[in-house]
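First the structure, in the form of structure tokens, and then the observations on it.
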Amino acid sequence: MKLPITIEYNDGKQATYVAQPPEWAKWERKTGKIISQAQSAIGIDDLMFLAYSAMKRESGGQPVKAYEVWCETIADVQVGDDSPKVISEEA
């Protein structure tokens, strides 16, 4: 399961992180829930945790802020891919 999560930071910058199986496995260990429960019982902290874990994985071992510090820089969280889909003119 892949879930794009867009984070808007206090400085106005945005970044989209894609939660993939490694992040969902960490989420399951953290919450004690299973992925099938995510649709009905996922909160803002869960989304930020998934985005942070994906950001950390994508950083390739570079230093990142601690989770609590990183959370303080967030202005908004959006779930899903709102980008327009490109449709072939041949269709």
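The values are calculated or read from the model by the stated rules, or taken from the named source; none is laboratory data. These numbers were taken from a predicted model, which means no experiment stands behind them. We place every Cβ from the backbone using ideal geometry, glycine too, and count neighbours over all the protein chains shown.
The number of residues in region 54-73 being among the hydroxyl-bearing types (Ser, Thr, Tyr) and loosely packed, with under 12 Cβ neighbours inside 10 Å comes to 1. A single entry from 23, 8 fulfils the requirement of being over 14 Å from residue 54 (Cβ atoms), touching a residue at least 12 places away in the same chain (Cβ under 8 Å) and acidic (Asp, Glu): 8. Going through (1) at pLDDT 85 or above; (2) loosely packed, with under 11 Cβ neighbours inside 10 Å; (3) farther than 17 Å from residue 17 by Cα one by one, residue 31 falls short only on (2).
What are the residues in region 1-43 that are hydrophobic (A, V, I, L, M, F, W, C) and farther than 15 Å from residue 56 by Cα, if any? Selection gives 1, 3, 34, 35, 38, 41, 42. In region 1-32, the residue that is nearest to residue 81 (Cα to Cα) out of those that are of a type in the set (Lys, Arg) and out of contact with any Phe, Trp or Tyr (no Cβ under 8 Å at 6 or more places or on another chain) is 2.
Taking (1) more than 18 Å from residue 1 (Cβ to Cβ); (2) at pLDDT below 90 in turn, residue 38 satisfies each apart from (1).
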